[in-house]
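Contents: one structure, followed by commentary.
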Amino acid sequence: MKTNSSTKRIKIVSTGAVLAAIVLQTLSLVITMPVSLQPVLDVTKVLLIIHGIEGAIASVLILRYKLRPQQQFASSAESTLIEHLPESTALSVIKAGLYVFFVGTVGLTEIVRAVKSAATKSLYSD
């Protein structure tokens, strides 16, 4: 099991990689990149697409559970993000999607665990 320290490091590295990919892709639109950087640009495209898909999944999960007012998220380390989401459903979806877009699989795992524990909690509370 990963420790908090390694999870934080993964989040920092992932955020840096996504920001670097965004900068490289933006720069490639403005100037012509050398041919030697084309493989790097291809990798950054894949990275951004994968993170975009993860962000979309997180947004859908948050939307589903935000639209069910009877569901309450359990208070645990994984649900910290969910507990701090804005009241507005639209802002919650955007915030969760952007968070997962930048931190990647670790953030998506946090949201999935929180949503799963909320579903389990609501099953047992009924």
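The values are calculated or read from the model by the stated rules, or taken from the named source; none is laboratory data. Remember, it's a predicted structure, so these values are computed and weren't measured experimentally. Methodologically, a virtual Cβ is constructed for each residue, glycine included, from the backbone with ideal geometry; neighbour enumeration extends over all protein chains shown. Just the protein is used for accessible areas: all its heavy atoms, side chains included, with ligands, DNA and RNA removed. Shrake-Rupley method; radii C 1.70, N 1.55, O 1.52, S 1.80 Å.
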Residues satisfying the stated conditions in the range 1-43, i.e. in contact with a Lys or Arg (Cβ under 9 Å, 6 or more places away or on another chain) and under 17 Å from L108 (Cα atoms): I10
Any idea which residue in the range 10-28 is most open to solvent (accessible area, probe 1.4 Å), counting only those that are hydroxyl-bearing (S, T, Y) and either in contact (Cβ under 8 Å) with a residue 24 or more places away in the chain or within 11 Å of F102 (Cα to Cα) (or both)? T15
State all residues of the range 78-126 that are modelled with pLDDT under 75 and closer than 21 Å to I12 by Cα; if no residue qualifies, say none. E78, S79, T80, L81, I82, H84
